[in-house]
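Below is one structure, written out as structure tokens; comments come after it.
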Ligand code: H79
């Protein structure tokens, strides 16, 4: 955690506070990685490219040029007629309030029907997959976000030797067609983003990915102009800060350690720790952990390292107890089918949410450090006690200075527990057993509202 002296008041505006409201209440979203890599399924020339991680990076991992990659991947990319409906229904069932999907990943293949490219679903699949997905989300009442890669391995003017840090399948090899003019790539990037923010109705989130410390912001993407373009088309949109990778942008774009604990909205509305949950949140900094259910974002038939359901539920609760959002990924196959393990995991969360979502939606961080028995979320004068380990002693201590009004089971308001107070805080006297295999939630009503930490 940063030193106290580094902590400064976050900068914000009433407009920003207003547009962040739904997102802060939502707490839970579904991420979807689907692209040409999905059909390849982590396999190249009949062999697994690896067991773990990053199969949406398969083109890079085998160092394929874009023609070879596309030639092999395209025949394997055939979304079913109702694939988008399946995704949206699953998100809804899981209790997600929003869905963020890849409009373009690093391989450069655009899922919409783009007038400025022929490396897109319109040209190659005769479909507008962005429209199909957006329509499906709206039909389920979900907010919708566009993940858009600013890195592009397909565009012939993308200057891949500019950064030492950003990988590219052709890195170290000469440019196939001589000189490059990165400004032309920037034009193309802006043009596609203009299409995406003009032709599909309201867009709730722009999820940029990603920058390196040696290639970012203005130089790499004409970032401020790009953000302005989006904001002008979509005044309510919120954006992450991955167009940048500088200390002034607050917490770094992927990890949340090592820089000043400030998020300047000039660089984005929220920060995005990837594949990890921070030890604690920071007041006034909006953050969202994105995570996979196995180890890869894009589908791989070789990755079976699925996280167990209790871990998924606990992670959602842990994040909420620290004031963050959880963006949990699925990687559908080439025809858009969601892996059965992902369906199971999402449904397990959904089942838990059916009874307990009141303790997640619209809550803020815990008023105290995480106790050994579980996690706490806050809503005004109410604490939600998420009991991961039902204590043998029959007692739960909540280390807060407060007075209790009553404590009930969230799943059954008729079940009440006695609460006593001492120097250690409030102690709940439990009766019976845990009513949920993952987390039993108690609703502890206080006599006064309490502050989140
Ligand atoms: O879209 C997902 C990832 O592809 C992208 N962001 C999420 C949301 C991303 N994750 N990590 N990175 C980008 C940074 C790059 C990591 C790498 Fe690797 C380590 C690139 C090369 C080595 C992972 C492992 C990818 C290939 C091997």
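Is it the case that region 96-111 has a residue that's away from the ligand (no atom under 16 Å from the Cβ), modelled with pLDDT of 95 or more, under 29 Å from residue 344 (Cβ atoms) and within 25 Å of the chain's Cα centre (by Cα)?
Looking for residues that are away from the ligand (no atom under 16 Å from the Cβ), modelled with pLDDT of 95 or more, under 29 Å from residue 344 (Cβ atoms) and within 25 Å of the chain's Cα centre (by Cα), one finds at least one in region 96-111, hence yes.
When residues of region 395-453 are filtered for being under 19 Å from residue 370 (Cα atoms) and free of Cβ contacts under 8 Å to residues at least 12 places away in the same chain, how many remain?
Summing the residues that are under 19 Å from residue 370 (Cα atoms) and free of Cβ contacts under 8 Å to residues at least 12 places away in the same chain in region 395-453 gives 2.
Among the listed residues 126, 156, which satisfies the condition of being more than 25 Å from the chain's Cα centre (by Cα), modelled with pLDDT of 95 or more and at positive phi? Can you show your working first?
Details: 156 fails: at positive phi.
Within the list 126, 156, the selection yields 126.
For residue 284, state whether it is touching a residue at least 12 places away in the same chain (Cβ under 8 Å), over 26 Å from residue 35 (Cα atoms) and either buried (at least 19 other Cβ atoms within 10 Å of the Cβ) or away from the ligand (no atom under 16 Å from the Cβ) (or both).
Numbers: touching a residue at least 12 places away in the same chain (Cβ under 8 Å): yes; over 26 Å from residue 35 (Cα atoms): yes; either buried (at least 19 other Cβ atoms within 10 Å of the Cβ) or away from the ligand (no atom under 16 Å from the Cβ) (or both): yes.
So residue 284 fits the description; yes.
For residue 26, all conditions in the list (1) at pLDDT below 95; (2) away from the ligand (no atom under 14 Å from the Cβ) hold save one; what is the number of the exception?
Single failed check for residue 26: (1).
Tell me, which residue of region 133-147 that is buried (at least 21 other Cβ atoms within 10 Å of the Cβ) and in a helix (DSSP H, G or I) is farthest from the ligand (Cβ to nearest atom)? Steps first, answer last, please.
Taking region 133-147 and keeping what is buried (at least 21 other Cβ atoms within 10 Å of the Cβ), we get 133-134, 136-137, 142, 144-147.
Of the ones still in play, those that are also in a helix (DSSP H, G or I) are 133-134, 136-137.
Numbers: 133: 16, 134: 19, 136: 21, 137: 19 Å.
Among residues in region 133-147 that are buried (at least 21 other Cβ atoms within 10 Å of the Cβ) and in a helix (DSSP H, G or I), the one farthest from the ligand (Cβ to nearest atom) is 136.
Restricting to region 167-202, what's the tally of residues that are assigned to a loop (DSSP other than H, G, I, E, B) and surrounded by fewer than 21 Cβ atoms within 10 Å (Cβ to Cβ)?
Residues of region 167-202 that are assigned to a loop (DSSP other than H, G, I, E, B), as a first pass: 167-181, 199-202.
Now restrict to residues that are surrounded by fewer than 21 Cβ atoms within 10 Å (Cβ to Cβ): 167-168, 170-181, 199-202.
Total meeting the criteria: 18.
Tell me which residues, restricted to region 262-281, are away from the ligand (no atom under 12 Å from the Cβ) and over 16 Å from residue 321 (Cβ atoms).
262, 263, 264, 265, 266, 267, 268, 269, 270, 271 - these are the residues of region 262-281 that are away from the ligand (no atom under 12 Å from the Cβ) and over 16 Å from residue 321 (Cβ atoms).
Can you tell me which residues in region 287-308 are away from the ligand (no atom under 14 Å from the Cβ) and either more than 27 Å from residue 39 (Cα to Cα) or not assigned by TED's automatic domain parsing to the domain that holds residue 238 (or both)?
Of everything in region 287-308, just one residue is away from the ligand (no atom under 14 Å from the Cβ) and either more than 27 Å from residue 39 (Cα to Cα) or not assigned by TED's automatic domain parsing to the domain that holds residue 238 (or both), namely 287.
Going by what's in this entry, would residue 278 be described as free of Cβ contacts under 8 Å to residues at least 24 places away in the same chain and more than 27 Å from residue 191 (Cα to Cα)? So that I can check it myself, show each step before the final result.
Working: free of Cβ contacts under 8 Å to residues at least 24 places away in the same chain: no; more than 27 Å from residue 191 (Cα to Cα): yes.
So residue 278 does not fit the description; no.
Given the residues 396, 442, 383, which is the only one that is more than 30 Å from residue 93 (Cβ to Cβ) and crowded, with 21+ Cβ neighbours inside 10 Å?
Numbers: 442 fails: more than 30 Å from residue 93 (Cβ to Cβ); 383 fails: more than 30 Å from residue 93 (Cβ to Cβ).
From the options 396, 442, 383, the qualifying one is 396.
Of the residues in region 197-222, how many are touching a residue at least 24 places away in the same chain (Cβ under 8 Å) and under 23 Å from residue 181 (Cβ atoms)? It would help to see each step written out before you state the result.
Here is the first cut: in region 197-222, the residues touching a residue at least 24 places away in the same chain (Cβ under 8 Å) are 197-217, 220-222.
Subsequent filtering for residues that are under 23 Å from residue 181 (Cβ atoms) retains 208, 210-212, 214-217, 220-222.
Count: 11.
The values are calculated or read from the model by the stated rules, or taken from the named source; none is laboratory data. Predicted, not measured: the structure shown is a model, and the values here were computed from it. Note: ideal-geometry Cβ built from the backbone for every residue, glycine included; neighbour counts use all protein chains shown.
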